[in-house]
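The values are calculated or read from the model by the stated rules, or taken from the named source; none is laboratory data. Given the structure is predicted, the values throughout are model-derived calculations rather than measurements. In this analysis, Cβ positions are derived from the backbone assuming ideal geometry, glycine residues included, and neighbour counts consider all displayed protein chains. Note: areas computed on protein heavy atoms with side chains; ligands, DNA, RNA excluded. Shrake-Rupley method; radii C 1.70, N 1.55, O 1.52, S 1.80 Å.
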Amino acid sequence: MRQVAFHRPSIGPDEEREVLDTLRSGWITTGPKAKRFENEFAGYVGAKHALAVSHCTGALHLSLWALGIGPGDEVITTPFTFTATAEILAYLGARPVFVDVDPGTFNINPARIEEALESGANKRVRAILPVHFAGQACDMDRILKIARDYNLKIVEDAAHAAGSARHMDGRGMAKIGTIGDLTCFSFYATKNFTTAEGGMITTADDALAEKIAVASLHGMNKDAWKRYDKNGSWYYEIHDMGFKYNLSDVHAAIGLAQIKRADGFMRRRGEIARAYNEAFRADDALQTAYSEPGIEHAWHLYVLRIRPERLKLGRNQFVEILRERGVGCSVHCIPLHTMHYYQRNYGYRNGDFPVAEGIFSRCLSLPIYASMTDEDVNYVIETVLAIARENRR
Ligand SMILES: *Cc1c(COP(=O)(O)O)cnc(C)c1O
(Lines give C-alpha, C1' and ligand atoms only; values in the text may rest on other atoms or scores of the structure.)
Protein backbone atom coordinates (compact mmCIF):
# COMPACT_ATOMS: atom_id res chain seq x y z
CA MET A 1 0.00 0.00 0.00
CA ARG A 2 1.22 3.47 -0.87
CA GLN A 3 1.90 5.83 2.04
CA VAL A 4 1.43 9.56 1.53
CA ALA A 5 2.59 11.63 4.51
CA PHE A 6 0.45 14.60 5.50
CA HIS A 7 3.48 16.83 5.07
CA ARG A 8 7.12 16.58 4.12
CA PRO A 9 9.40 19.60 3.85
CA SER A 10 11.44 19.87 0.63
CA ILE A 11 14.98 19.99 1.96
CA GLY A 12 17.74 19.45 -0.60
CA PRO A 13 21.39 20.10 -1.36
CA ASP A 14 21.01 23.91 -1.35
CA GLU A 15 19.67 23.90 2.21
CA GLU A 16 22.43 21.48 3.27
CA ARG A 17 25.12 23.66 1.69
CA GLU A 18 23.85 26.88 3.32
CA VAL A 19 23.56 25.29 6.75
CA LEU A 20 27.00 23.67 6.52
CA ASP A 21 28.46 26.98 5.42
CA THR A 22 26.95 28.60 8.52
CA LEU A 23 28.14 25.88 10.87
CA ARG A 24 31.69 26.17 9.51
CA SER A 25 31.71 29.97 9.51
CA GLY A 26 32.15 30.33 13.25
CA TRP A 27 28.97 32.45 13.44
CA ILE A 28 25.88 30.35 14.10
CA THR A 29 23.33 32.61 15.75
CA THR A 30 21.79 35.90 14.58
CA GLY A 31 24.18 37.61 12.20
CA PRO A 32 24.87 38.08 8.51
CA LYS A 33 22.57 35.30 7.26
CA ALA A 34 19.59 36.50 9.28
CA LYS A 35 20.20 39.97 7.83
CA ARG A 36 20.39 38.58 4.28
CA PHE A 37 17.25 36.54 4.85
CA GLU A 38 15.43 39.70 5.97
CA ASN A 39 16.50 41.50 2.79
CA GLU A 40 15.48 38.58 0.56
CA PHE A 41 12.11 38.29 2.27
CA ALA A 42 11.46 42.02 2.00
CA GLY A 43 12.15 41.69 -1.73
CA TYR A 44 9.98 38.59 -2.02
CA VAL A 45 6.84 40.29 -0.70
CA GLY A 46 7.76 43.84 -1.71
CA ALA A 47 7.76 45.14 1.88
CA LYS A 48 9.78 48.13 3.08
CA HIS A 49 10.99 46.37 6.24
CA ALA A 50 11.27 42.68 7.13
CA LEU A 51 12.35 41.61 10.62
CA ALA A 52 13.35 38.01 11.24
CA VAL A 53 12.20 36.39 14.48
CA SER A 54 12.24 32.95 16.05
CA HIS A 55 8.61 32.09 15.21
CA CYS A 56 5.32 33.58 14.10
CA THR A 57 3.98 33.37 17.65
CA GLY A 58 6.76 35.75 18.71
CA ALA A 59 6.11 37.88 15.63
CA LEU A 60 2.46 38.33 16.63
CA HIS A 61 3.38 39.04 20.25
CA LEU A 62 6.01 41.62 19.29
CA SER A 63 3.71 43.29 16.76
CA LEU A 64 0.84 43.83 19.18
CA TRP A 65 3.26 44.85 21.92
CA ALA A 66 4.87 47.41 19.59
CA LEU A 67 1.42 48.90 18.92
CA GLY A 68 1.00 49.39 22.65
CA ILE A 69 -1.78 46.85 23.12
CA GLY A 70 -1.99 46.02 26.80
CA PRO A 71 -4.13 45.04 29.77
CA GLY A 72 -7.86 45.39 29.18
CA ASP A 73 -7.52 46.06 25.45
CA GLU A 74 -9.51 44.01 22.96
CA VAL A 75 -8.51 42.64 19.57
CA ILE A 76 -11.00 41.32 17.02
CA THR A 77 -9.98 38.01 15.49
CA THR A 78 -11.28 34.71 14.16
CA PRO A 79 -11.99 31.56 16.17
CA PHE A 80 -11.14 29.47 13.08
CA THR A 81 -7.38 29.47 13.57
CA PHE A 82 -4.52 27.91 15.47
CA THR A 83 -4.24 28.87 19.13
CA ALA A 84 -1.07 30.95 18.54
CA THR A 85 -3.19 33.71 16.95
CA ALA A 86 -5.14 34.35 20.13
CA GLU A 87 -2.85 33.07 22.90
CA ILE A 88 -0.45 35.97 22.43
CA LEU A 89 -3.23 38.35 23.51
CA ALA A 90 -3.09 36.74 26.95
CA TYR A 91 0.67 37.52 27.09
CA LEU A 92 -0.35 41.19 26.93
CA GLY A 93 -3.40 40.97 29.19
CA ALA A 94 -5.60 41.73 26.20
CA ARG A 95 -8.78 39.90 25.23
CA PRO A 96 -9.69 38.17 21.95
CA VAL A 97 -13.06 39.26 20.59
CA PHE A 98 -13.94 36.40 18.26
CA VAL A 99 -16.30 36.96 15.34
CA ASP A 100 -17.60 34.32 12.96
CA VAL A 101 -16.11 33.44 9.58
CA ASP A 102 -17.28 33.38 5.97
CA PRO A 103 -18.70 29.97 5.00
CA GLY A 104 -16.87 29.94 1.64
CA THR A 105 -13.36 31.16 2.45
CA PHE A 106 -13.33 30.33 6.19
CA ASN A 107 -11.79 33.79 6.69
CA ILE A 108 -13.00 36.36 9.21
CA ASN A 109 -16.28 37.87 7.99
CA PRO A 110 -16.06 41.69 7.74
CA ALA A 111 -19.81 42.05 8.37
CA ARG A 112 -19.34 40.29 11.72
CA ILE A 113 -16.43 42.64 12.56
CA GLU A 114 -18.73 45.62 12.00
CA GLU A 115 -21.44 44.06 14.14
CA ALA A 116 -18.97 43.51 16.99
CA LEU A 117 -17.92 47.15 16.79
CA GLU A 118 -21.45 48.52 16.46
CA SER A 119 -22.93 46.35 19.20
CA GLY A 120 -21.42 48.50 21.93
CA ALA A 121 -20.36 45.36 23.80
CA ASN A 122 -16.68 45.77 22.95
CA LYS A 123 -15.57 49.23 23.95
CA ARG A 124 -11.82 48.70 24.07
CA VAL A 125 -11.10 47.27 20.64
CA ARG A 126 -7.71 48.52 19.45
CA ALA A 127 -6.87 46.25 16.54
CA ILE A 128 -8.09 43.68 14.04
CA LEU A 129 -6.11 40.46 13.68
CA PRO A 130 -7.21 38.68 10.50
CA VAL A 131 -5.83 35.27 9.54
CA HIS A 132 -5.39 34.46 5.84
CA PHE A 133 -6.70 30.96 6.29
CA ALA A 134 -5.05 28.21 4.23
CA GLY A 135 -3.22 30.90 2.25
CA GLN A 136 -6.30 32.66 0.88
CA ALA A 137 -6.14 36.41 1.55
CA CYS A 138 -8.95 38.00 3.59
CA ASP A 139 -11.14 40.77 2.19
CA MET A 140 -8.54 43.42 3.03
CA ASP A 141 -10.32 46.30 1.25
CA ARG A 142 -13.23 45.99 3.67
CA ILE A 143 -11.03 45.32 6.67
CA LEU A 144 -8.91 48.41 5.88
CA LYS A 145 -12.05 50.50 5.62
CA ILE A 146 -13.38 49.27 8.96
CA ALA A 147 -9.99 49.97 10.56
CA ARG A 148 -10.04 53.52 9.18
CA ASP A 149 -13.64 54.12 10.30
CA TYR A 150 -12.96 52.93 13.84
CA ASN A 151 -9.33 54.05 14.12
CA LEU A 152 -7.98 50.53 14.62
CA LYS A 153 -4.63 48.94 13.78
CA ILE A 154 -4.32 45.85 11.59
CA VAL A 155 -1.93 43.02 12.40
CA GLU A 156 -2.22 40.16 9.91
CA ASP A 157 -1.53 36.55 10.83
CA ALA A 158 0.00 35.40 7.55
CA ALA A 159 1.37 32.10 8.90
CA HIS A 160 -0.33 30.35 5.94
CA ALA A 161 0.10 33.11 3.42
CA ALA A 162 3.74 33.74 2.42
CA GLY A 163 3.52 34.35 -1.33
CA SER A 164 -0.21 34.98 -1.48
CA ALA A 165 -1.72 38.14 -2.96
CA ARG A 166 -5.04 39.85 -3.49
CA HIS A 167 -6.48 42.42 -5.85
CA MET A 168 -6.96 45.69 -3.92
CA ASP A 169 -8.99 48.74 -4.93
CA GLY A 170 -6.77 51.30 -6.64
CA ARG A 171 -3.66 49.14 -6.26
CA GLY A 172 -4.01 46.05 -8.41
CA MET A 173 -2.48 42.86 -7.04
CA ALA A 174 -1.03 43.42 -3.57
CA LYS A 175 1.16 40.82 -1.89
CA ILE A 176 0.33 39.84 1.67
CA GLY A 177 2.93 41.65 3.77
CA THR A 178 2.26 45.03 2.17
CA ILE A 179 -1.29 45.75 3.36
CA GLY A 180 -1.85 45.99 7.13
CA ASP A 181 0.23 47.90 9.69
CA LEU A 182 2.20 44.75 10.51
CA THR A 183 2.16 41.28 8.95
CA CYS A 184 3.46 38.12 10.64
CA PHE A 185 4.74 35.06 8.79
CA SER A 186 5.72 31.56 9.94
CA PHE A 187 8.51 29.31 8.72
CA TYR A 188 7.49 26.39 10.93
CA ALA A 189 8.31 22.97 9.45
CA THR A 190 4.91 22.48 7.79
CA LYS A 191 4.41 25.98 6.38
CA ASN A 192 4.72 27.18 2.75
CA PHE A 193 8.48 27.23 3.12
CA THR A 194 10.50 26.61 6.21
CA THR A 195 13.48 27.39 8.41
CA ALA A 196 12.45 24.49 10.77
CA GLU A 197 11.33 27.18 13.23
CA GLY A 198 11.19 30.84 12.31
CA GLY A 199 9.09 33.87 11.56
CA MET A 200 9.11 37.30 9.96
CA ILE A 201 7.38 40.63 10.50
CA THR A 202 6.89 43.04 7.61
CA THR A 203 5.87 46.69 7.85
CA ALA A 204 6.14 49.96 5.95
CA ASP A 205 6.41 51.94 9.21
CA ASP A 206 10.00 52.99 10.00
CA ALA A 207 9.37 53.64 13.70
CA LEU A 208 7.61 50.31 14.28
CA ALA A 209 10.38 48.48 12.41
CA GLU A 210 13.03 50.11 14.58
CA LYS A 211 11.12 49.39 17.78
CA ILE A 212 10.60 45.73 16.86
CA ALA A 213 14.21 45.23 15.72
CA VAL A 214 15.42 46.44 19.10
CA ALA A 215 12.79 44.56 21.12
CA SER A 216 13.38 41.22 19.39
CA LEU A 217 16.82 40.94 21.04
CA HIS A 218 16.47 42.05 24.67
CA GLY A 219 15.93 45.73 23.82
CA MET A 220 19.61 46.09 22.97
CA ASN A 221 20.67 48.59 20.34
CA LYS A 222 20.31 47.37 16.78
CA ASP A 223 23.80 46.14 16.08
CA ALA A 224 24.41 44.53 19.46
CA TRP A 225 24.62 41.11 17.81
CA LYS A 226 27.99 42.28 16.44
CA ARG A 227 29.45 42.68 19.95
CA TYR A 228 31.48 39.43 19.65
CA ASP A 229 32.73 40.30 16.17
CA LYS A 230 36.22 41.76 15.75
CA ASN A 231 34.74 45.04 14.56
CA GLY A 232 31.92 45.05 17.13
CA SER A 233 31.83 46.93 20.40
CA TRP A 234 31.47 45.21 23.78
CA TYR A 235 29.29 48.08 24.95
CA TYR A 236 25.60 47.95 24.30
CA GLU A 237 22.71 50.00 25.54
CA ILE A 238 19.30 48.77 26.69
CA HIS A 239 16.77 51.08 25.08
CA ASP A 240 13.55 49.36 25.93
CA MET A 241 12.01 46.29 27.46
CA GLY A 242 12.89 43.42 25.18
CA PHE A 243 12.26 39.80 24.34
CA LYS A 244 14.37 36.88 23.15
CA TYR A 245 12.85 36.41 19.73
CA ASN A 246 15.87 36.57 17.39
CA LEU A 247 16.30 34.13 14.48
CA SER A 248 19.59 32.20 14.40
CA ASP A 249 21.81 32.14 11.32
CA VAL A 250 21.47 28.34 11.18
CA HIS A 251 17.73 28.75 10.72
CA ALA A 252 18.13 31.73 8.39
CA ALA A 253 20.48 29.65 6.23
CA ILE A 254 17.70 27.14 5.54
CA GLY A 255 15.44 30.08 4.71
CA LEU A 256 17.92 31.56 2.22
CA ALA A 257 17.82 28.33 0.23
CA GLN A 258 14.05 27.85 0.64
CA ILE A 259 12.99 31.34 -0.41
CA LYS A 260 14.57 30.80 -3.83
CA ARG A 261 12.29 27.79 -4.26
CA ALA A 262 9.17 29.36 -2.73
CA ASP A 263 7.45 30.28 -6.00
CA GLY A 264 8.04 26.78 -7.35
CA PHE A 265 6.58 25.23 -4.17
CA MET A 266 3.51 27.45 -4.47
CA ARG A 267 3.02 26.60 -8.14
CA ARG A 268 3.12 22.90 -7.34
CA ARG A 269 0.61 23.28 -4.49
CA GLY A 270 -1.66 25.16 -6.91
CA GLU A 271 -1.47 22.25 -9.38
CA ILE A 272 -2.35 19.77 -6.65
CA ALA A 273 -5.30 21.92 -5.47
CA ARG A 274 -6.63 22.10 -9.04
CA ALA A 275 -6.28 18.32 -9.43
CA TYR A 276 -8.20 17.77 -6.16
CA ASN A 277 -10.93 20.25 -7.13
CA GLU A 278 -11.28 18.69 -10.56
CA ALA A 279 -11.57 15.18 -9.15
CA PHE A 280 -13.87 15.87 -6.20
CA ARG A 281 -16.29 18.21 -7.98
CA ALA A 282 -18.14 15.30 -9.54
CA ASP A 283 -19.02 13.67 -6.20
CA ASP A 284 -21.90 15.40 -4.43
CA ALA A 285 -20.86 13.93 -1.06
CA LEU A 286 -17.74 16.06 -1.24
CA GLN A 287 -17.32 19.82 -1.24
CA THR A 288 -14.17 21.16 -2.86
CA ALA A 289 -11.97 24.01 -1.58
CA TYR A 290 -13.22 27.40 -2.71
CA SER A 291 -10.86 29.98 -4.13
CA GLU A 292 -12.14 33.52 -4.58
CA PRO A 293 -11.59 35.36 -7.86
CA GLY A 294 -8.95 38.11 -7.72
CA ILE A 295 -6.62 36.32 -5.35
CA GLU A 296 -3.42 34.35 -5.61
CA HIS A 297 -4.02 31.50 -3.22
CA ALA A 298 -0.88 30.17 -1.52
CA TRP A 299 -2.56 26.79 -0.86
CA HIS A 300 -0.87 26.11 2.47
CA LEU A 301 -3.81 23.78 3.17
CA TYR A 302 -6.33 21.96 1.05
CA VAL A 303 -9.50 21.69 3.13
CA LEU A 304 -12.07 19.23 1.84
CA ARG A 305 -15.56 19.18 3.32
CA ILE A 306 -17.77 16.10 3.34
CA ARG A 307 -21.57 16.23 3.26
CA PRO A 308 -22.49 13.88 6.12
CA GLU A 309 -26.13 13.80 4.97
CA ARG A 310 -24.98 11.96 1.83
CA LEU A 311 -22.68 9.53 3.67
CA LYS A 312 -23.00 6.79 6.24
CA LEU A 313 -20.01 8.10 8.14
CA GLY A 314 -18.89 11.33 9.72
CA ARG A 315 -15.70 13.33 9.40
CA ASN A 316 -13.85 11.49 12.18
CA GLN A 317 -14.41 8.10 10.58
CA PHE A 318 -13.52 9.50 7.15
CA VAL A 319 -10.17 10.68 8.55
CA GLU A 320 -9.61 7.35 10.29
CA ILE A 321 -10.16 5.32 7.11
CA LEU A 322 -7.93 7.65 5.06
CA ARG A 323 -5.16 7.07 7.59
CA GLU A 324 -5.72 3.28 7.55
CA ARG A 325 -5.26 3.41 3.79
CA GLY A 326 -2.00 5.30 4.04
CA VAL A 327 -3.14 8.88 3.43
CA GLY A 328 -1.90 11.25 6.13
CA CYS A 329 -4.50 13.87 6.90
CA SER A 330 -5.44 16.33 9.57
CA VAL A 331 -8.17 18.78 10.61
CA HIS A 332 -7.81 22.58 10.44
CA CYS A 333 -8.94 24.14 12.64
CA ILE A 334 -10.63 23.22 15.89
CA PRO A 335 -12.49 26.49 16.63
CA LEU A 336 -10.78 28.16 19.56
CA HIS A 337 -14.00 29.11 21.35
CA THR A 338 -14.84 25.41 21.76
CA MET A 339 -11.63 24.74 23.71
CA HIS A 340 -11.45 24.62 27.52
CA TYR A 341 -8.96 27.43 27.94
CA TYR A 342 -10.92 29.95 25.85
CA GLN A 343 -14.20 29.01 27.51
CA ARG A 344 -12.78 29.19 31.04
CA ASN A 345 -10.87 32.44 30.53
CA TYR A 346 -13.15 34.42 28.28
CA GLY A 347 -16.58 32.84 28.75
CA TYR A 348 -17.02 31.58 25.18
CA ARG A 349 -19.45 28.69 24.66
CA ASN A 350 -20.15 26.00 22.09
CA GLY A 351 -22.65 27.44 19.64
CA ASP A 352 -21.24 30.98 19.73
CA PHE A 353 -19.90 30.83 16.15
CA PRO A 354 -22.09 28.45 14.15
CA VAL A 355 -20.36 28.97 10.79
CA ALA A 356 -16.93 28.03 12.19
CA GLU A 357 -18.43 25.06 14.03
CA GLY A 358 -20.29 23.91 10.91
CA ILE A 359 -17.10 23.92 8.85
CA PHE A 360 -15.20 22.13 11.60
CA SER A 361 -17.79 19.35 11.83
CA ARG A 362 -17.21 18.32 8.21
CA CYS A 363 -13.71 19.40 7.21
CA LEU A 364 -10.46 17.57 6.77
CA SER A 365 -7.09 18.63 5.36
CA LEU A 366 -5.46 16.55 2.62
CA PRO A 367 -1.72 16.37 1.86
CA ILE A 368 -0.57 19.31 -0.32
CA TYR A 369 3.16 19.98 -0.62
CA ALA A 370 5.75 20.39 -3.32
CA SER A 371 7.48 17.03 -2.99
CA MET A 372 4.27 15.06 -3.67
CA THR A 373 4.54 13.08 -6.89
CA ASP A 374 1.68 12.78 -9.39
CA GLU A 375 1.29 9.19 -8.16
CA ASP A 376 0.88 10.46 -4.59
CA VAL A 377 -1.76 12.95 -5.73
CA ASN A 378 -3.62 10.29 -7.71
CA TYR A 379 -3.51 7.91 -4.76
CA VAL A 380 -5.05 10.55 -2.46
CA ILE A 381 -7.78 11.24 -5.05
CA GLU A 382 -8.58 7.55 -5.62
CA THR A 383 -8.66 6.85 -1.89
CA VAL A 384 -10.96 9.78 -1.06
CA LEU A 385 -13.32 8.89 -3.93
CA ALA A 386 -13.34 5.21 -2.94
CA ILE A 387 -14.24 5.97 0.68
CA ALA A 388 -17.05 8.29 -0.45
CA ARG A 389 -18.34 5.67 -2.89
CA GLU A 390 -18.23 2.79 -0.39
CA ASN A 391 -20.08 4.78 2.24
CA ARG A 392 -22.76 6.52 0.26
CA ARG A 393 -26.09 6.71 2.03
C1 LIG B 1 1.55 27.94 12.51
C2 LIG B 1 0.68 29.06 12.87
C3 LIG B 1 1.09 30.06 13.75
C4 LIG B 1 2.33 29.96 14.58
O5 LIG B 1 3.48 29.86 13.85
P6 LIG B 1 4.87 29.52 14.61
O7 LIG B 1 5.91 29.96 13.65
O8 LIG B 1 4.86 28.03 14.83
O9 LIG B 1 4.89 30.27 15.87
C10 LIG B 1 0.27 31.16 13.93
N11 LIG B 1 -0.91 31.26 13.30
C12 LIG B 1 -1.36 30.31 12.46
C13 LIG B 1 -2.67 30.51 11.76
C14 LIG B 1 -0.59 29.17 12.24
O15 LIG B 1 -1.05 28.20 11.43
Q: Considering only residues that are surrounded by 21 or more Cβ atoms within 10 Å (Cβ to Cβ) and of a type outside the set (A, V, I, L, M, F, W, C), look in segment 154-174 and name the one that is farthest from the ligand (Cβ to nearest atom).
A: ARG166
Q. So which residues in segment 65-83 are within 13 Å of the ligand (Cβ to nearest atom) and surrounded by 21 or more Cβ atoms within 10 Å (Cβ to Cβ)?
A. THR77, THR78, PRO79, PHE80, THR81
Q. Just to be sure, is ALA111 modelled with pLDDT under 95 and out of contact with any Phe, Trp or Tyr (no Cβ under 8 Å at 6 or more places or on another chain)?
A. no
**Q.** Subset of segment 241-270 [open to solvent by less than 60 Å² (accessible area, probe 1.4 Å) and among the acidic types (Asp, Glu)]
**A.** ASP249
Q: Only residues in segment 135-146 that are aliphatic (A, V, I, L, M) count as the first member; pair them with residues that are assigned to a helix (DSSP H, G or I), Cβ under 9 angstrom, at least 6 apart or cross-chain, and list the lot.
A: ILE143/PRO110; ILE143/ILE113; ILE146/PRO110; ILE146/ILE113; ILE146/GLU114; ILE146/LEU117
**Q.** Count - residues of segment 191-240 that are aliphatic (A, V, I, L, M), over 18 Å from GLU156 (Cα atoms) and within 16 Å of the ligand (Cβ to nearest atom)
**A.** 1
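Restricting to segment 179-188, count the residues that are within 9 Å of the ligand (Cβ to nearest atom) and open to solvent by less than 40 Å² (accessible area, probe 1.4 Å).
Number satisfying all stated conditions: 4.
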Q) Out of (1) among the small types (Gly, Ala, Ser); (2) within 16 Å of the ligand (Cβ to nearest atom); (3) within 24 Å of GLU271 (Cα to Cα), what's the single condition that is false for ALA356? A) (3)
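Identify, please: which residue in segment 148-164 is touching a Leu at 6+ places or on another chain (Cβ under 8 Å) and among the charged types (D, E, K, R) and is, among those, nearest to GLU74 (Cα to Cα)?
Ranking the qualifying residues of segment 148-164, first place goes to LYS153.
Just to be sure before I move on: is ARG389 open to solvent by 80 Å² or more (accessible area, probe 1.4 Å) and assigned to a loop (DSSP other than H, G, I, E, B) in the structure I sent?
no
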Q. Hey, ARG36 hits all of (1) open to solvent by 80 Å² or more (accessible area, probe 1.4 Å); (2) out of contact with any Phe, Trp or Tyr (no Cβ under 9 Å at 6 or more places or on another chain); (3) assigned to a loop (DSSP other than H, G, I, E, B) but one; which does it fall short on?
A. (3)
Q) Residues in segment 88-105 that are without any contact (Cβ under 8 Å) to a residue 60 or more places away in the chain and within 14 Å of the ligand (Cβ to nearest atom): how many? A) 3
Q. Which numbered condition trips up ARG112, out of (1) surrounded by fewer than 19 Cβ atoms within 10 Å (Cβ to Cβ); (2) within 13 Å of the ligand (Cβ to nearest atom)?
A. (2)
Q: Could you grab the pairs with beta carbons closer than 7 Å, sequence gap of 6+ or different chains, first residue in segment 323-334 and of a type in the set (Lys, Arg), second one buried (at least 16 other Cβ atoms within 10 Å of the Cβ)?
A: ARG323/CYS329; ARG325/THR383
Q: Could you check how many residues of segment 324-349 are away from the ligand (no atom under 15 Å from the Cβ) and either open to solvent by 30 Å² or more (accessible area, probe 1.4 Å) or outside the structural domain of PRO367 (by TED's automatic domain parsing) (or both)?
A: 11
Q: Go through segment 252-307 and count every residue that is assigned to a loop (DSSP other than H, G, I, E, B) and among the hydrophobic types (A, V, I, L, M, F, W, C).
A: 6
